[in-house]
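The values are calculated or read from the model by the stated rules, or taken from the named source; none is laboratory data. Small disclaimer: the values here were computed from a predicted structure and weren't measured. Methodologically, a virtual Cβ is constructed for each residue, glycine included, from the backbone with ideal geometry; neighbour enumeration extends over all protein chains shown.
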Amino acid sequence: MKKQIFALFCALVLLLGAVPSAGALTGESARAADTLATLGLVQGTTSGDYALDAPAPRAQATVLLVRLAGGEGAAKADPWFAGFRDLPAWAADSIDYAAHQGWVTGVTVLDFKPSDTITANGWCAFLLRMLGYSDKAGDFAVEDAAAFAQRVGLISTAYGGPLTRGDLFEMARDALTFSYKDGNGTIISRLADSGAVSRSAANALGLLTPELTARQAADRHMAAVFRLDCYEKPIEIDAGEPSANASGFFISADGLAVTNYHSIDGAIHAAATLSTGEVYPVESVVWYDADIDIAVLRISRTSADHRTTSAFACLEIAGTQDIRAGDTVYTLGNPLGLGLAVSSGIISATARDVERYALPCVMNTADISRGSSGGALLNVYGQVIAVTSGAYTYGNNMYLAVPIDPVLTADLTGQGQTLKEVADLQAEKEKN
């Protein structure tokens, strides 16, 4: 009997998943503290614990920042004086050094307020500056620093308001594998290269190994994935009720993104909802191939509430050249429209011929559902090899993804067409 497949067309479901709040898991904070302690970046209190629920002082946050930068030695040798009159002796070198580097600022010209609790925006602003981002140059705004940090993947969870020590440690742990803005290494790789932390300890903790667990893939790359709401009629746009939703993912920091063509087929408007909950409209379709079932979109950098971002988190494309049956894979997408999710599996077949696709598909066992169309199929290194697209209706764990290889050679430099222009063009082709 002829095998049938279902295309994972988007479900009419609202996003119900809420972003977890900061400090939700004490055990997670303890694990983060243990990781940092193993690397020599934090110490316990005199009572022998980490005081995870205690407020995180600005002074402590700055000392940790300098350690993350591998700058303790430089801080001790730097004679520069920031002019603050309220610094404790144990933190003075680090605060003066961080201020000299432009990473931190005082509450006033003369007062650093070292005992004040650091806020999520304050700590993220410190981290972002250390990584080479500049609020003065417009990369981010201090009052939006935590949201920007989550948007670009520096942190994996939403944080707001004053931080506890546990929050601080979790955010610092997550930042270890984030790259500097110039692309020249991650925080942990620079620390290991400079000898500031033990390379063997970093390896033992899985911070330098290229292969990712499912959790690491989600923590590091979910920020690059979004829910795609599609609208086929003006009345749907006016009502804010999409006709369907799907998945998509960024492949460049300036807003290029990939989805399935069938996800946008017939749509005249679409918008991407990020892991932060922010909504960014689709500006244009830069490239598409209906037969291959891939479309490359340009996502606006100005959100629906008129806030502009300088960058998005994005995924690296590897393609299918080196994949083999049995390889571990992960999917990141928006199943059933319920929120972003990760699943894991293996490649069952590297090139399965399927009637409705012009290219052989990657068949795998990583779960997807309706709404996952346009999501990312990642290899164990966190690189995109294919776009999740469908499944055999009556099969078991027989999920299909279309190879992303054509995107590697596609011309993505043009302005593209609006969704409506693409819909009208395809409708005309179908008539003929």
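Descriptive notes on the structure:
- The stretch 171-195, residues that are touching a strand residue (DSSP E or B) at 6+ places or on another chain (Cβ under 9 Å), free of Cβ contacts under 8 Å to residues at least 60 places away in the same chain and assigned to a loop (DSSP other than H, G, I, E, B): T177, F178, Y180, G185
- The residue of the stretch 346-376 that is surrounded by the fewest Cβ atoms within 10 Å (Cβ to Cβ), among those that are in contact (Cβ under 8 Å) with a residue 24 or more places away in the chain and in contact with an Asp or Glu (Cβ under 7 Å, 6 or more places away or on another chain), is A358.
- Within the stretch 304-330, considering residues that are more than 24 Å from V342 (Cα to Cα) and within 17 Å of the chain's Cα centre (by Cα), the one surrounded by the fewest Cβ atoms within 10 Å (Cβ to Cβ): S310
- Filtered by the rule that a residue be of a type outside the set (A, V, I, L, M, F, W, C), touching a residue at least 40 places away in the same chain (Cβ under 8 Å) and crowded, with 22+ Cβ neighbours inside 10 Å, the stretch 61-103 gives a lone residue, T62.
- Residue check, D254 more than 27 Å from T409 (Cα to Cα) and not assigned by TED's automatic domain parsing to the domain that holds L378: no
- 1 or more residues within 26 Å of E278 (Cα to Cα) and not acidic (D, E): qualifying strands (runs of 3 or more DSSP E) within the stretch 324-432: 328-333, 341-352, 376-378, 384-392
- Contacts under 7 angstrom Cβ, first residue in the stretch 246-259 being in contact (Cβ under 8 Å) with a residue 40 or more places away in the chain, partner β-branched (V, I, T) and part of a loop (DSSP other than H, G, I, E, B), 6 or more apart: A257/I251; V258/I251; V258/I404
- Test: T45 is modelled with pLDDT of 95 or more and either surrounded by fewer than 23 Cβ atoms within 10 Å (Cβ to Cβ) or closer than 18 Å to L128 by Cβ (or both): no
- Across the stretch 194-203, a minimum of one residue is classified as in contact with a Gly (Cβ under 9 Å, 6 or more places away or on another chain), surrounded by 22 or more Cβ atoms within 10 Å (Cβ to Cβ) and over 15 Å from A223 (Cβ atoms).
- Test: residue in the stretch 108-116 that is touching a Pro at 6+ places or on another chain (Cβ under 8 Å), polar (S, T, N, Q) and in a loop (DSSP other than H, G, I, E, B): yes
- Taking first residues from the stretch 318-332 that are free of Cβ contacts under 8 Å to residues at least 40 places away in the same chain and over 10 Å from N364 (Cβ atoms) and partners that are assigned to a strand (DSSP E or B) and of a type outside the set (F, W, Y), the Cβ contacts under 6 Å between residues at least 6 apart in sequence or on separate chains come to G326/I346.
- Here is the figure for the stretch 362-403: residues that are within 10 Å of Y330 (Cα to Cα), over 22 Å from the mean Cα position of the chain (by Cα) and not polar (S, T, N, Q) total 0.
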